[in-house]
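Chemist: Before we start, here is the structure in question, set down as structure tokens.
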Amino acid sequence: MTDFDTAPPAALEPDPLTAARALDERDPLAPFRSRFTGIDDGSSQVTAYFDGNSLGRPTRASVERIQRFLLDGWGDRLIRGWDEEWMELPFTIGDDLGRAALGAAPGQTFIGDSTTVLLYKLARAAVDGLPERSEIVLDTDNFPTDRYLLDGIARERGLRLVWIEADTEAGVTPEQVTAAVGPRTALVVLSHVAYRSGFLADLPAITRIVHDAGALVLWDLCHSAGSVPVELDAADVDLAVGCTYKYLNGGPGSPAFGYVNARLIPHLTQPIQGWMGVRDVFLMGPEYEPADGVRRFLSGTPPIVGMLAMRDTIGMIEEAGMDAVRAKSVALTEFAVALADEWLTPLGVALASPRDPERRGGHITLSHPAMREVTALLWERDVIPDYRDPDGLRIGLSPFSTSFEELCTGMAAVRDALGELAHDD
């Protein structure tokens, strides 16, 4: 599939709506939009959905897949399903995801627990694997879960946290990582795309810096998997975790994925030792003997129903190619920035995200003191962004399901809501 040829940011002529429709007409990903429920069929009251970076829309194929599973896979096969497919499904889907979106060879990616639990397991395994080292490096603007659990691990293991002061409108740079790591560093944990600003970190460069210091790196891919091309093997990343309910459309609370570089699998011991991670699951032996491969990072029974929906979006990514997905994502955020410059900057709104698309993921954040009130007003009008302190309205844009006309309509609603609130004051 050909890449999307984004229009220049200032190309809002003869008017923004006409420009949006012209972009939709030449968008090679436009046909995928009809594969989602609630779009162009009158079944949804949502006018513009700007929260795909928090919860993606369901696909029509996933609705059918889950219904079929309930009747046939679970209803007909019953417990035989474990022997026939389910026992290997975390690794089958993991390999599919690794191939389509993560640049990961087979045998390194698995679907497992929640993001928080997987982050804990892999971070604990990493620091326990380097017992002679005493520091974990993280940044002040990482997602709360990452910061909270690393604080807990540091207290559990008697480690010291080294904090990188991150710009909330940008993100962590290679220079900051260089200054933070040293001979005592065991692990560095960073987000590939910052949840607040959308800043896209230089994953290959930072990974090299961490390795030069003799440490391991764990990347949080929650805001990049399915939106930004990731090449984990090529960058020799050690560990990675990401959620599947954003750009992968896995559904509310769908299980996260974990990645462990093949060179590390034999050497790391994960801390939550459960029956699904052993060499022979049904031996029920007296002692825990971890599996030889990536199975050792499983703990309890896999959430099979929860991992079904993401299969259809993974299939779409393979069909379209991550380069085309990224090109559409850049085009969407560029158009959003152009609309913000045209309509919102005169109202006092500032862009709280990198202006350079090469340093930006799949969302932008717009800053104004009234954005909390604006978000509440927009939700009442079926325009759905989300709010993040300080004063940030996030515009999350899913390449497969978001059209340029939808983006234009939603941004006009933001403009109108701000204007009304200013008038009321």
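Chemist: Using alpha-carbon pairs under 8 Å, 6+ residues apart, how would you state the relative contact order of segment 266-425 in percent?
Modeler: Result for segment 266-425 is 18 percent.
Chemist: Further question on the same structure: Taking a 1.4 Å probe, which of His423, His192, His211, His267 shows the most accessible area, and what order do the others take after it? Provide the component values of the computation, followed by the final result.
Modeler: Numbers: His423 155, His192 10, His211 55, His267 130 Å².
Sorted descending by solvent-accessible area, the residues read His423, His267, His211, His192.
Chemist: Starting from 0 in steps of 5 Å, tell me what percent of the Cα-Cα pairs of segment 373-421 lands in each bin.
Modeler: Over segment 373-421, the share of Cα pairs per 5 Å bin runs 5, 21, 31, 26, 13, 4, 1 percent.
Chemist: For segment 72-125, what size does the Cα cloud have along each of its three principal axes, sorted from largest down, in whole Å?
Modeler: Extents along the principal axes, in whole Å: 39, 24, 14.
Chemist: Using alpha carbons only, how many degrees (0 to 90, rounded to 10) separate the axis of helix 203-212 from the longest principal axis of the chain?
Modeler: 40
Chemist: From the protein chains alone at 1.4 Å, what is the descending order of accessible area for Arg326, Arg263, largest first?
Modeler: Ranked list, largest accessible area first: Arg263, Arg326.
Chemist: Still on this model: Taking the square root of 5 times each eigenvalue of the Cα gyration tensor, what semi-axes in Å does the equivalent ellipsoid of segment 28-96 have, largest first?
Modeler: 31, 16, 11
Chemist: Compute the relative contact order of segment 280-367 as a whole-number percentage, counting only Cα pairs closer than 8 Å that sit 6 or more residues apart in sequence.
Modeler: Once divided by the residue count of segment 280-367, the mean separation gives 21 percent.
Chemist: Next question. Computed over the Cα atoms of segment 282-391, what is the convex hull's projected area averaged over all directions, in nm²? Mind dumping the intermediate values first?
Modeler: Working: hull surface 48.9 nm².
Seen from a random direction, the Cα hull of segment 282-391 projects 12.2 nm² on average.
Chemist: Ok, one more. Please list the three semi-axes, largest first and in whole Å, of the ellipsoid equivalent to the chain, using sqrt of 5 times the eigenvalues of its alpha carbon gyration tensor.
Modeler: 37, 27, 18
Chemist: Which residue, Lys121, Lys328, Lys246, tops the fluctuation ranking in a GNM of the chain built on C-alpha contacts under 10 Å?
Modeler: In this elastic network of the chain, the residue with the biggest mean-square fluctuation among Lys121, Lys328, Lys246 is Lys121.
Chemist: Turning to a different aspect of this structure: Let me see the P(r) profile for segment 217-325: every Cα-Cα distance counted, bins of 5 Å, each bin given as a percent of all pairs.
Modeler: 2, 11, 18, 19, 19, 16, 9, 4, 1, 0, 0
Chemist: At a 1.4 Å probe, what is the % contribution of carbon and sulfur to the accessible area of the chain?
Modeler: Carbon with sulfur: 53 percent of the solvent-accessible area.
Chemist: Could you report the chain's accessible area per residue, 1.4 Å probe, as an integer in Å²?
Modeler: Numbers: 17310 Å² over 425 residues.
The answer is 41 Å² per residue.
The values are calculated or read from the model by the stated rules, or taken from the named source; none is laboratory data. Owing to the predicted nature of the structure, the values given are computational and were not obtained by experimental measurement. Remember, those area values only see protein heavy atoms, side chains included, never the ligands or the DNA or RNA. Shrake-Rupley method; radii C 1.70, N 1.55, O 1.52, S 1.80 Å.
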